[in-house]
1. GLY156: net charge of surrounding residues, Cβ under 13 Å, Lys/Arg +1, Asp/Glu -1, itself excluded?
2. Checking the a/c ratio against 1.5 first, then a/b against b/c, what shape does the Cα gyration tensor give for the chain?
3. Just to confirm a number: summing +1 for Lys and Arg and -1 for Asp and Glu over residues other than SER314 whose beta-carbon lies under 14 angstrom from that of SER314, what do you get?
4. For LEU220 and GLN57, compute 0.36 nm times the residue count separating them, minus their Cα-Cα distance, and round to one decimal in nm.
5. Using unit Cβ charges (K, R positive; D, E negative) and no other charged atoms, how large, in debye to the nearest 20, is the dipole of region 183-263 about its Cα centre?
6. With every protein chain left in place, what is the accessible area per residue of the chain in square angstrom, probe 1.4 Å?
7. Compute the distance from the alpha-carbon center of region 20-77 to that of region 121-174, in whole Å.
8. In vacuo Debye scattering of region 192-335, one point per C-alpha: log10 I(q)/I(0) at q = 0.10, 0.22 Å⁻¹?
Amino acid sequence: MQYHSPWWLPGGHAQTIWPALYARRRHHPAAPLLRERWITPDGDFIDVDRQKASTPQRPQMVMFHGLEGSSDSHYAQACADWAAQHDVHWVMPHFRGCSGEINQAPRAYHSGDHAEIDWILRRLRQEHRQWGGQCMVAAGVSLGGNALMRWAGEHGDAAAAQVDAISSICSPLDLAASGRAIGQGFNRQVYTRMFLRTMKPKAMAKWAQFPGLFSRERLLAARDLYEFDNVFTAPLHGFRDTPDYWARASAKPLLQRIRVPALLVNARNDPFVPAASLPQAHEVTRSVTLWQPRHGGHVGFASGRWPGQVRSLSDRVGGWLLKAAGVPAEESVCG
């Protein structure tokens, strides 16, 4: 696979920001999404959005969103557009608190939540098989991709019982390296502020549900993701502190245990994910394909003339997943 950024969109920051805000996301009118509410094993809930294909037996693609993402995110809309064109069921489970309504348990979501990924994939695989479907693939964007790869590494050979192929897209597989990168310079002033603008109010809503769950004062004073994770994400999800969370939740140390076909996509100019932290061939199994183009930014990969469009990444990843899952090319496109 090759990718060349448009001449009018130079640099990792431009290739990250412009596609998210302005680039065309779809080739076709949006199909309606069907929302379901699932009760989690611990009595909480998640909301799951679906876009159905023509028949229950068609392949199914599960997409896990990134930090503070949802089915409204630019990459989600582009992938749903790809799925509709190729007659593929598309499913986006929202991590807890990301569907527009705060969840009920004294927790949220985090980068290494492989147990939540496992529960979701098992349920979707079982349902899809009950409908007569055989092929199910999964992709995770940024945080969601790290969690998905963490799950694949944790389960090894057993992962193939749930999915036929997987992909991570612009994922921070080394959370410490990415955490340091996003906490510095332009990244800190732009991206960190953007994330905290929604993360802090959600955390305070959680504090209102459970007064004293964490230090309200320390959270309000947090100025970067390291401080936020130290007060909120790490302790609420069983980690000692931010360094413990970033170390134990990172997928990179487990990539050598992945046995299901996997595509790891990372642009080498991603502002969030330093190129030096990306996995190399000797750090992954033969089941893993690394695609690390020079350009693309963070979940950008815009193409075409001004103002550009963001379907190219979905085309590449979706096509790779179906091929790796053994779906014949003539069956992967809706007639």
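1. With Lys, Arg at +1 and Asp, Glu at -1, the net is 0.
2. Working: a/c = 1.44, a/b = 1.21, b/c = 1.19.
The shape class here is rounded.
3. Counting the neighbours of SER314, the net charge comes to +3.
4. Working: separation 163, 0.36 × 163 = 58.68 nm, distance 4.88 nm.
Full extension from LEU220 to GLN57 adds 53.8 nm.
5. For region 183-263, the charge dipole is close to 220 debye.
6. 42
7. Rounded to whole Å, the Cα centres lie 15 Å apart.
8. These q points yield log10 I(q)/I(0) values of -0.55, -1.26.
The values are calculated or read from the model by the stated rules, or taken from the named source; none is laboratory data. From a predicted model like this one, the values you see are computed outputs, not experimental measurements. Note that each Cβ is placed from the backbone with ideal geometry, even for glycine, and that neighbours are counted across all protein chains shown. Ligands, DNA and RNA are stripped out before the accessible areas are found, and what is left, the full protein with its side chains, is counted by its heavy atoms. Shrake-Rupley method; radii C 1.70, N 1.55, O 1.52, S 1.80 Å.
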